[in-house]
1. Which number in (1) open to solvent by 20 Å² or more (accessible area, probe 1.4 Å); (2) assigned to a loop (DSSP other than H, G, I, E, B) marks the one condition that B:ILE391 misses?
2. Suppose we keep only residues that are at the interface with chain B (Cβ under 8 Å from one of its Cβ atoms) and under 17 Å from the mean Cα position of the chain (by Cα) within the range A:340-366. Which one would you say is surrounded by the fewest Cβ atoms within 10 Å (Cβ to Cβ)?
3. Six or more apart or on different chains, Cβ atoms under 9 Å: show the pairs whose first residue is in the range B:361-386 and at negative phi and whose second is among the aromatic types (Phe, Trp, Tyr) and open to solvent by 20 Å² or more (accessible area, probe 1.4 Å).
4. From B:LEU202, B:LEU102, which residue is open to solvent by 10 Å² or more (accessible area, probe 1.4 Å), free of Cβ contacts under 8 Å to residues at least 24 places away in the same chain, in the same structural domain as B:ASP228 (by TED's automatic domain parsing) and not basic (Lys, Arg)?
5. Just one of A:ILE44, A:ILE30, A:ILE17 is in contact with a Gly (Cβ under 7 Å, 6 or more places away or on another chain), surrounded by fewer than 21 Cβ atoms within 10 Å (Cβ to Cβ) and not aromatic (Phe, Trp, Tyr); which is it?
6. Of all residues in the range A:154-167, how many are crowded, with 19+ Cβ neighbours inside 10 Å and either modelled with pLDDT under 95 or touching a Lys or Arg at 6+ places or on another chain (Cβ under 9 Å) (or both)?
Protein chains: 2
Amino acid sequence: MEKNYTTQMDAARKNIITPQMEEVLKQENISKEFLLENVAAGRIVIPANRSHSGLKASGIGNGLTTKINVNLGVSKDVCSFSGEMVKADLAVKHGAHAVMDLSVSGNTEQFRKRLIAELPLVLGTVPIYDTLTRTKKEVRDITVDDWFETVETHAANGVDFITIHAGLTRKAISSLKKAGRLCGIVSRGGAILVEWMEKNGLENPFYTHFDRLLEICRARDVCISLGDGLRPGAIHDSTDGPQIQELITLGELTRYAWEQDVQVMIEGPGHVPLHEIAMNMQLQKKLCHGAPFYVLGPLVTDIAPGYDHITAAIGGAMAAMNGADFLCYVTPAEHLRLPTLADVKEGIMAARIAAHTGDIAKGIKTSGHRDNIMSRARGTLDWGGQFNTAIDPEKAREYRTSSLPSHEDVCTMCGDFCAVKRMENLL
Amino acid sequence: MEKNYTTQMDAARKNIITPQMEEVLKQENISKEFLLENVAAGRIVIPANRSHSGLKASGIGNGLTTKINVNLGVSKDVCSFSGEMVKADLAVKHGAHAVMDLSVSGNTEQFRKRLIAELPLVLGTVPIYDTLTRTKKEVRDITVDDWFETVETHAANGVDFITIHAGLTRKAISSLKKAGRLCGIVSRGGAILVEWMEKNGLENPFYTHFDRLLEICRARDVCISLGDGLRPGAIHDSTDGPQIQELITLGELTRYAWEQDVQVMIEGPGHVPLHEIAMNMQLQKKLCHGAPFYVLGPLVTDIAPGYDHITAAIGGAMAAMNGADFLCYVTPAEHLRLPTLADVKEGIMAARIAAHTGDIAKGIKTSGHRDNIMSRARGTLDWGGQFNTAIDPEKAREYRTSSLPSHEDVCTMCGDFCAVKRMENLL
């Protein structure tokens with residue numbers, strides 16, 4: 001069937017409810033009018049490549065529940081596509097909304113196609129990495145056509161959103177050189193682009209050829225996730241000149257993309273101390289005209305390798321409360337190794353907790369409903385009800401059964417001293 | 001040597017620097033004058049029983065780093081004092097500042113004495129529970145003397161602070177009955193007191209005999225931790241009439257205690273949605289005249305049993321940023337069972353992360369220093385430096401060595417794509 005619109009944004013502007021919008025309306029507590037208005041204005045994105053037929057669409061943005069993304073993909077040192085496929089299945093099982101395939105080794109296209117064919121989740125990629133893997137060239141030798149051929153391949157494969165660090169301009173690099181950062185650049189895509197620009201003495205190819213990018217993305221409805229190549233990788237480097245310089249450019253590119261009906265979200269930090277998070281969220285919403293914000297963490301301290309799912313949950317909850325729309329999970333393995341399956345599960349759970357607590361705090365309707373069901377079950381010592389309502393029933397059940405009390409209505413922490421039991425007949 | 005002061009507060013008011021204050025000054029980045037002024041005014045407490053000779057004192061309150069407490073103790077169902085002693089050792093090893101012994105079974109006095117003799121940490125207890133264990137009476141049959149004899153025993157044993165729910169008055173219970181809570185009372189001490197009051201038709205004995213409590217506490221310098229017997233146990237029940245009613249009374253009792261030179265801190269929630277935490281901290285500081293705030297969590301959602309160390313870390317970080325001075329750890333076992341050793345370690349680490357990120361955010365001087373050392377090590381791919389600066393060097397090292405890269409300067413997440421390595425010679 002021929003569609004009478006190009007992108008979800010174009011459809012919304014024509015007042016057309018797409019099948020993907022129907023799906024979003026089923027999941028969220030909003031009206032058709034609200035959704036149309038916000039997709040048309042760019043405040044909500046629905047990343048849904050026109051050829052991703054098995055996709056269960058998710059909306060990301062204003063007034064919607066906070067979504068979470070699971071990063072996976074092989075590296076040269078740990079290169080098992082089947083292992084990464086199990087991680088993708090974990091993402092589905094444990095309630096993630098999106099998966100980013102960050103593979104940088106081996107036959108990436110085959111794996112990407114398999115993910116798109118088998119996974120119902122939104123899929124994102126970073127064509128910049130894949131250009132190196134695909135062409136096997138040195139960074140300096142990559143041509144502008146090489147960059148865009150990768151983008152075209154990903155779009156044709158059915159990828160729903162792509163990270164492109166189009167705002168990392170020479171001006172931003174010049175700001176970086178003066179900034180006195182402790183960790184310089186920690187974005188892989190950002191580092192590759194800077195190397196290309198410096199070695200060739202050229203401007204960012206995605207900035208100079210932004211129209212070419214928009215053309216590809218409009219044709220397939222690929223949402224652009226404007227990457228923050230200069231995101232801070234240390235508390236010390238947070239909210240500095242280079243970061244904000246790049247954000248200003250991302251805001252300009254956002255408006256330009258919207259003129260072409262191309263969906264855009266903005267990627268954000270990174271490492272940010274807790275007291276700077278609210279301000280960072282407000283600044284992004286302002287400079288990027290209300291475009292959805294996709295944050296990595298933020299991590300609120302640098303000193304907790306092995307526990308960065310927790311530092312990210314603290315930052316992510318604070319970010320979501322203050323307007324972040326999409327959280328990239330962080331696993332306990334961050335900064336140390338490619339995550340194992342156990343790491344992936346811990347990372348997903350921490351991100352879901354952050355998103356959910358953020359939703360309660362940002363006033364998403366009915367988000368506290370499940371908490372109330374749990375509390376009612378707790379208040380009546382209904383253990384079955386508690387397990388059924390838990391975000392991880394398996395783990396909760398396992399914990400309890402590993403240490404059973406002599407009276408089955410309480411638990412081994414308090415036993416007879418259980419306050420709930422004691423008050424049962426009194427109040 | 002005879003001391004020319006009773007409590008730390010009395011000493012500060014006489015402009016005397018005690019050995020415990022010297023210890024605090026070694027740990028914190030504040031002046032003698034600041035410490036004296038704040039201890040005298042009640043905004044800082046130094047819980048240090050006059051007979052606790054092996055104590056390494058900690059200060060809790062305004063301008064100091066956020067401290068963390070580890071709960072332990074046996075229940076009827078899991079009753080191994082030696083197992084709890086290992087938890088106490090874990091608390092020391094992993095950097096907790098205080099331990100609360102919440103034992104409710106067996107020979108509690110023997111265990112308490114052992115903790116005081118062997119542990120250098122601040123020790124807290126809840127004499128209300130122990131009155132039941134000690135007297136073996138039904139709650140209704142306990143006499144006023146029974147309650148106070150337990151307090152005297154704990155004070156004589158050398159306990160540094162005791163939780164007493166003196167603000168849980170009949171007025172507060174009447175407010176509770178009208179509140180429509182989902183989880184009623186979740187405080188064990190609170191539930192016991194309410195049962196006693198309701199069955200005997202009497203007012204809270206610690207409220208009516210507050211002077212008797214102050215006399216015992218002044219004589220031994222036991223800091224009173226005014227318990228919140230009506231703390232919310234559900235997001236739904238947060239910041240309601242009964243909670244605030246009790247807090248008002250705690251504020252009144254605080255001023256009264258200060259007149260007798262008795263040190264006081266205030267205990268707080270519990271379960272609080274993220275957006276209500278800042279307000280709760282401000283309200284406590286206002287109603288309780290700047291007394292230090294000791295919070296349990298707060299947990300920012302009810303639906304994550306098995307992961308409540310994370311929900312508490314989110315709430316604790318937010319609380320610390322907004323003025324909480326002392327965080328009670330929460331383990332993954334909360335709501336499910338008495339914690340194992342592994343649970344205890346996870347709980348301590350999560351609480352330390354929350355406290356540290358809160359300290360950066362509340363502007364404690366030099367609190368970001370260690371983050372900068374870590375980031376400098378990351379920025380130069382100095383792995384040894386990263387391990388040495390990590391809050392858990394063991395875990396960080398184990399993660400990395402479980403998955404070694406082919407080039408030893410990077411890690412298996414990015415391999416050759418390491419942004420830091422790529423930028424090494426470029427910028």
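The values are calculated or read from the model by the stated rules, or taken from the named source; none is laboratory data. None of the values given here were measured: they were computed from a predicted structure. No Cβ is skipped: glycine too gets one built from the backbone with ideal geometry, and neighbour counts run over all protein chains shown. Note: areas computed on protein heavy atoms with side chains; ligands, DNA, RNA excluded. Shrake-Rupley method; radii C 1.70, N 1.55, O 1.52, S 1.80 Å.
1. Of (1) open to solvent by 20 Å² or more (accessible area, probe 1.4 Å); (2) assigned to a loop (DSSP other than H, G, I, E, B), only one is false for B:ILE391: (1).
2. Looking at the filtered set, the residue picked out is A:MET349.
3. Final answer for the pair search is B:ALA377/B:TRP383.
4. After ruling out the rest, the residue left standing is B:LEU202.
5. Step by step, each of A:ILE44, A:ILE30, A:ILE17 is checked, and only A:ILE30 is in contact with a Gly (Cβ under 7 Å, 6 or more places away or on another chain), surrounded by fewer than 21 Cβ atoms within 10 Å (Cβ to Cβ) and not aromatic (Phe, Trp, Tyr).
6. Summing the residues that are crowded, with 19+ Cβ neighbours inside 10 Å and either modelled with pLDDT under 95 or touching a Lys or Arg at 6+ places or on another chain (Cβ under 9 Å) (or both) in the range A:154-167 gives 5.
Yes/no per residue for (1) surrounded by fewer than 18 Cβ atoms within 10 Å (Cβ to Cβ); (2) touching a residue at least 40 places away in the same chain (Cβ under 8 Å):
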| position | (1), (2) |
| --- | --- |
| A:ARG114 | yes, no |
| A:VAL122 | no, yes |
| A:TYR129 | no, yes |
| A:ASP141 | yes, no |
| A:VAL144 | yes, yes |
| A:GLU149 | yes, no |
| A:THR169 | no, yes |
| A:ALA172 | no, yes |
| A:GLY184 | no, yes |
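Rundown of residues vs (1) more than 9 Å from chain A (Cβ to nearest Cβ); (2) more than 13 Å from the chain's Cα centre (by Cα), yes/no style:
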{"residue": "B:MET265", "(1), (2)": "yes, no"}
{"residue": "B:ASN280", "(1), (2)": "yes, yes"}
{"residue": "B:LEU283", "(1), (2)": "yes, yes"}
{"residue": "B:GLY297", "(1), (2)": "yes, no"}
{"residue": "B:ASP302", "(1), (2)": "no, yes"}
{"residue": "B:PRO305", "(1), (2)": "no, yes"}
{"residue": "B:THR311", "(1), (2)": "no, yes"}
{"residue": "B:ALA317", "(1), (2)": "no, yes"}
